[in-house]
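What follows is one structure encoded as C-alpha cells, with my remarks underneath.
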Amino acid sequence: MDRYFQSWCFYKLNDKYVLCASPERYLKKMGSIIISQPVKGTFPRDIANKHQDEINKHNLKFSEKDKRENVIVVDLVRNDLSKVCEAGTVAVEELYGIYSFPNVHQMISTVSGKLKPQAGFSNIIEATFPMGSMTGAPKKRVMELLEKYEYSKRGIYSGTIGYISPEKDFDFNVVIRSIVYNEDTGYISYHTGAGITAGSDAYMEYEECLVKAAAVFKVFGNR
C-alpha cells in the first residue's frame, strides 16, 4: 500500500481553476481493495534548525490531543468503508503514522478493506463522502452545524479531485492546501482549517491554520 501521498494537480473547468498540493488521500481503489488515508494532526517544520524540526516531529507523534482527533476520524472512516466492504475485512493498517512534508509534519492513518462484489463507484462515494477528516463526527450533525455557522460556502474546498482508470480503479485526494481562481470575476481564494475537539486551544488552532497556509503565503510573496 502507498504510505506517502501528495496530490499535485491542476484543474480547469471553463473559467474555474484549482491549483492543488494536497497531502491527503480520500480513497484509492486497486482491484477489490480500497484504502483511505485520513490526515489529522499537524506540527510545523523547522527546516533551518534540524534539531528543532525533530523536536516538532516528536511532539506530534506523542500529542494526545492529535491522537484523539486522528482516531475519531479513523473510526468514522472504518464505519463508512464497512458499508461497502466485505464483513471483517476493514482494518487499520497504520495508526498515527508521522510523515514530513515541505512545510509541516502530519499524522496520517491508513484504513483498508475488501470491497463487496456489488459495490460500484456510486455506492462507494455515497457511503464515504464527504470524507470524515473534513467533517468530524457525527458526520450528519456536523454538516448541519457547518451549514449553520460557516460564513462562506466551501465549494470545491474539502471536496475531491482524482481519476478513474479504464479498469475502474481510481485515486482521489482531499482538496486542501489549494488555490481557487475564478477567471470571470478575477477572484482568488484559499481555505484552511483545523479540527476542533473538547481539548482544543483556540490560539493553537489558529496557529495551526497559519502553518497550513504558509505555503500559499509564499506563492503570493507573503502579502
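Structure notes:
This table checks each residue for (1) closer than 18 Å to Tyr11 by Cβ; (2) more than 15 Å from the chain's Cα centre (by Cα).
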site	(1), (2)
Gly120	no, yes
Arg154	yes, no
Phe170	yes, yes
Ile176	yes, no
His191	yes, no
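- Among the residues making up the stretch 95-104, those that are touching a residue at least 60 places away in the same chain (Cβ under 8 Å) and surrounded by 15 or more Cβ atoms within 10 Å (Cβ to Cβ) are Gly97, Tyr99, Phe101, Asn103, Val104.
- Looking across the stretch 113-127, the residues that are surrounded by fewer than 21 Cβ atoms within 10 Å (Cβ to Cβ) and not β-branched (Val, Ile, Thr) come down to Lys114, Leu115, Lys116, Pro117, Gln118, Ala119, Gly120, Phe121, Ser122, Asn123, Glu126, Ala127.
- A Cβ distance below 7 Å, combined with a sequence gap of six or more or placement on separate chains, defines the contacts here; from the stretch 48-63, residues that are touching a residue at least 12 places away in the same chain (Cβ under 8 Å) reach residues that are assigned to a helix (DSSP H, G or I) in the pairs Leu60/Asp66.
- Ser22 meets each of the listed conditions (1) at pLDDT 95 or above; (2) hydroxyl-bearing (Ser, Thr, Tyr); (3) out of contact with any Pro (no Cβ under 9 Å at 6 or more places or on another chain) apart from (1).
- Hey, Phe10 under 20 Å from Cys209 (Cβ atoms), assigned to a strand (DSSP E or B) and either under 16 Å from the mean Cα position of the chain (by Cα) or not aliphatic (A, V, I, L, M) (or both) or not: no
- Restricted to the stretch 145-177, and to residues there that are out of contact with any Gly (no Cβ under 6 Å at 6 or more places or on another chain) and among the acidic types (Asp, Glu), the residue that is farthest from Ile33 (Cα to Cα) is Glu150.
- Answer residue from the stretch 153-194, given it is among the small types (Gly, Ala, Ser) and in contact (Cβ under 8 Å) with a residue 12 or more places away in the chain and is nearest to Glu69 (Cα to Cα) among those: Ala194
Let's see how each residue does on (1) of a type in the set (Lys, Arg); (2) in contact (Cβ under 8 Å) with a residue 60 or more places away in the chain:
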{"position": "Glu86", "(1), (2)": "no, no"}
{"position": "Ser109", "(1), (2)": "no, yes"}
{"position": "Lys116", "(1), (2)": "yes, no"}
{"position": "Pro138", "(1), (2)": "no, no"}
{"position": "Glu150", "(1), (2)": "no, no"}
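- Scan of the stretch 38-66 for residues that are crowded, with 18+ Cβ neighbours inside 10 Å, within 18 Å of the chain's Cα centre (by Cα) and either outside any strand (DSSP E or B) or modelled with pLDDT of 95 or more (or both), ordered by number: Pro38, Leu60, Asp66
- Selection status of Ser63, among the small types (Gly, Ala, Ser) and over 30 Å from Lys116 (Cα atoms): yes
The values are calculated or read from the model by the stated rules, or taken from the named source; none is laboratory data. Every value quoted in this text rests on a predicted model; they were computed, and no experiment measured them. Please note: Cβ atoms are built from the backbone with ideal geometry, for glycine as well, and neighbour counts cover all protein chains shown.
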